[in-house]
1. Quick one: what are the phi-derived ³J(HN,Hα) couplings along the range 187-193, Karplus 6.51/-1.76/1.60 with θ = phi - 60°, whole Hz, x for glycine and proline?
2. Label-point separation (nm) for residue 99 and residue 200, each offset 7 Å from Cα along Cα-to-Cβ?
3. With a Förster radius of 35 Å, plug the Cβ-Cβ distance of residue 140 and residue 407 into 1/(1 + (r/R0)^6) and report the FRET value to the nearest 0.05.
4. Nearest 0.05, what FRET efficiency do residue 374 and residue 216 give at R0 = 22 Å with Cβ-Cβ as r?
5. Quick check on packing: order 327-334, 92-99 by the mean number of other C-beta atoms within 10 Å, highest mean leading.
6. Modelled label-to-label distance, residue 456 and residue 208, 7 Å Cα→beta-carbon offset: nm?
7. Sort 192-199, 337-344, 307-314 for me by packing, meaning the mean count of neighbouring Cβ atoms within 10 Å per residue, highest on top.
8. I'd like to compare 32-44, 440-452, 406-418, 145-157: which one has the highest average count of other Cβ atoms within 10 Å, and what's the full order after that?
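Coordinate-derived values only; no laboratory data. For clarity, every value in this text was computed on a predicted model and none was experimentally measured. All Cβ positions, even for glycine, are placed from backbone atoms using ideal geometry, and neighbour counts span all protein chains on display.
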Amino acid sequence: MLKKLFSHTAIYGLAPQITKIASFFSLPLITAELTGLDYGVAGVMAAYTTAISVLASLGLRVVLVNSFFKSPGQYKWAWRQIYGFLTLWTFLYAIILSILIYFVVPQEAIENRWTILLLNVGPLIFFGQTSTICTTYYQLKQKPLQIAIRSIIFGFLSIGLNVLFIVVYKMGYMGWFWSSFIVGLLSNASYYYPLNFKLKLKPIFNFKRRLIKNSLKVSLPMVPHYYSGYLLNSSDKMVMDVMQVGTGSIGKYNVAYTVGSVMNSLGTASGLAIGPLLNKFYKENKDEPAKNLVFILQISFFLITFGLCIWMKELFSFLIRNEELAQMYYLGIIIVMSYNYRPMYLGSGTKIMFNEHTNVMWKVTLGAGLINVLLNLLLIPFFGFEVAAVTTFVAYMFMGYAGYYFKVFKEINTAKYYPVFWILLTIALTVLAYYVVELSMWVKIGISLAVSGFAFIFIYRLNKLINEI
């Protein structure tokens with residue numbers, strides 16, 4: 001069971017996230033050439049463009065998935081019509097995105113306004129939602145290598161282009177925009193031929209309005225659920241910009257998120273890996289081994305995040321070759337520890353989704369996002385941009401544990417998850433990491449070995465219980 005959990009996390013989760021992970025190791029090179037202003041411009045633009053990115057596909061991926069399973073003999077006909085509709089919709093979406101970018105480009109980057117606009121919109125104009133549809137097909141057909149190989153190739157291409165533009169040509173923040181534009185074009189192009197010619201999924205522009213209308217009725221209610229990801233991960237920087245926090249300060253906060261993005265990738269990977277295993281237990285009405293599997297993943301996350309955080313000062317010194325930016329390691333600790341919400345979120349969320357109580361999930365996810373935004377609006381004016389890390393932590397804890405207190409979860413679940421214990425342990429480990437990070441190297445080595453030993457013993461015993469059932 002453990003072999004499946006960890007191997008599936010690596011294969012199905014980490015391969016598509018290779019760009020983020022690989023770029024993490026290029027930081028020592030590029031950060032030596034960047035300033036807080038560079039990170040600030042990139043962070044602000046990412047925050048605003050991500051704010052409306054959920055509208056790019058209008059949530060129609062859920063319709064693609066449903067039609068694939070419910071109409072295996074006719075799904076291509078529906079997919080081609082949705083493809084045609086999304087191709088036309090993309091032009092309207094591109095106009096909306098262009099207007100947004102035109103007005104939100106920071107003053108410090110105003111001379112590059114039109115270039116930034118075109119680089120962001122270009123891949124959309126040329127290819128629309130080609131990659132979304134093609135990757136969905138490969139995922140449903142259980143052909144992960146088609147996605148993984150592209151992720152690896154374009155991940156390394158992205159690293160090379162970042163180094164070329166930022167380190168060699170000294171382009172600063174514009175290096176990121178040019179790199180994203182080139183990789184976006186080539187990545188979409190790699191999906192265009194197989195989708196349109198090998199799979200014969202060419203768009204139908206004369207689509208049936210009734211089909212699109214019924215599809216949107218299903219997909220649009222999912223938009224708030226998807227939007228919560230933005231509210232939690234990117235809205236901080238947009239709120240800071242609206243509240244006129246300096247671009248340099250936003251850049252410092254963006255640097256603190258560098259390690260957090262890797263943990264976010266690991267969280268996504270673990271969800272893809274553990275989901276099928278949990279659903280198998282739920283199908284067999286085995287809540288107890290499902291709970292133990294969630295506990296194993298939670299302990300594993302504690303081991304990784306706590307171990308990472310107590311060495312955060314050294315990690316930032318090595319990766320961030322800018323003394324001022326490297327001082328943001330203390331914010332990195334809070335952000336990384338906040339991602340410990342993920343295993344327990346999967347524990348309640350997967351069970352709720354398995355029983356098709358989808359009307360509950362958006363309350364959890366959107367509620368967490370709104371908590372993050374409201375706390376930022378209230379607290380940033382008084383405590384500065386650093387408090388956004390704390391509000392992110394609070395919002396993620398809500399997202400991770402709120403599901404256990406819904407009446408519907410209590411009715412369908414028979415195992416005890418002890419949510420209060422796990423959330424208190426998360427807080428305790430976060431506080432402990434915040435102080436341990438300043439201790440000597442030998443003390444931290446001892447603590448790392450002790451925590452690892454305890455974690456492995458705990459995981460071994462839980463895995464033994466799962467195998468005995």
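1. 5, 5, 4, 5, 8, 5, 5
2. Each label point lies 7 Å from its Cα, and together they span 4.1 nm.
3. So, using R0 = 35 Å, E works out to roughly 0.60.
4. On the way: r = 29 Å, r/R0 = 1.33.
Working from the Cβ atoms, E equals 0.15.
5. Numbers: 327-334: 22.1, 92-99: 15.1.
Ranking the peptides 327-334, 92-99 by packing returns 327-334, 92-99.
6. 6.0 nm
7. Numbers: 192-199: 14.6, 337-344: 25.9, 307-314: 19.8.
Result, highest mean first: 337-344, 307-314, 192-199.
8. Working: 32-44: 23.0, 440-452: 12.5, 406-418: 14.2, 145-157: 16.9.
Listed from highest to lowest mean packing, they are 32-44, 145-157, 406-418, 440-452.
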